[in-house]
Structures are given as C-alpha cells and as structure tokens.
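**Q** Before anything else, here's the structure in question.
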Amino acid sequence: MNLIKIANAGKKIKETNYWDSEYAQNGKFFFSPNAGCIRMLIPDNLHHLIPEIKTGKKIILSRGSWPEYGRSEEPFCFWAGTEQWLMLPKKETGWEFAAWTRGGCVLQKKLYYRTVSEIPYMKPWGE
C-alpha cells in the first residue's frame, strides 16, 4: 500500500492523499491521531455507513486482539489493523473523535479509549 500523507492544522486535516490511495479504493478506514483527536478517514465507497456511525451515543475505542474477527454485529463496530493507523495512540485519556470524508468533517464526539485483553469487548464504558 502507498504511504498516506496528511497535512494537519491542529485537529483538522488540511490535505491528504488518502482518498485517492489504495486504502480508500479497497474500502479501508484510516486513522490519524493528532492534537488530541483521533480522526477516522472514511473512503468514498463507505459513505453509506455515516448515518449509522452518527447514531452512536458514545465512541469507544477498545484496543486488543480479536481472535474471532468478523463475528460481531451490534452495536456498530469494526476491526482495524495496525496498518490502518498513521500511528497508534500512546495514552488512553483525553481524546476526541472526528470522522472525515473527502468533503470534510462529518462527526465530532468525545472518544473513550481502553486497552482490553480481547475484542470484541462489548461491556459498557467503565466495566
């Protein structure tokens, strides 16, 4: 896969080659932490998921191994490999979340981040 380049303006994305990359063409989300915000870049062919993503009351990022990948249906969740991250977050607190399309930011919320032994980890936040 090609190297993803992102020009930042704090939490905002000024410019990126992601939407024309192999990642986007193959329907893969890409994550870019910067300035306390984890930005999820959504490929053009997955825009139909945006309304469902917006229904979430909380954005919870659970980091861990997923031995039974692909077997969870609710709530909206997905697995992203380390290759889909510009860099992995080093801390678990103080993050915001923003979903970006080629047209700009479509969602911003507080992000709850935790490291767990195994995913999917469907317990509510704090358990």
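**Q** Looking only at Cα atoms, what is the convex hull volume of the chain per residue, in Å³? Write down the numbers at each step before the final one.
**A** Numbers: hull volume 14.1 nm³, N = 127.
Roughly 111 Å³ of hull volume per residue.
**Q** Can you give the FRET efficiency for residue 2 and residue 107, using 1/(1 + (r/R0)^6), R0 = 25 Å, r = Cβ-Cβ distance, to the nearest 0.05?
**A** 0.45
**Q** Considering only the other residues whose Cβ falls under 15 Å of the Cβ of residue 90, what net charge follows from Lys and Arg at +1 and Asp and Glu at -1?
**A** Values: positive: 63, 91, 114; negative: 92.
Neighbour charge sum, excluding residue 90 itself: +2.
**Q** While we're looking at this one, here's another question. Under 16 Å Cα to Cα from residue 90, which lysines show up? Leave out anything in the same chain fewer than 8 places away.
**A** none
Just so you know, all these numbers are worked out from the coordinates, no wet-lab data involved. As the structure is a prediction and not an experimental result, all values here were calculated from the model. Note that we place each Cβ from the backbone using ideal geometry, even for glycine, and neighbour counts take in every protein chain shown.
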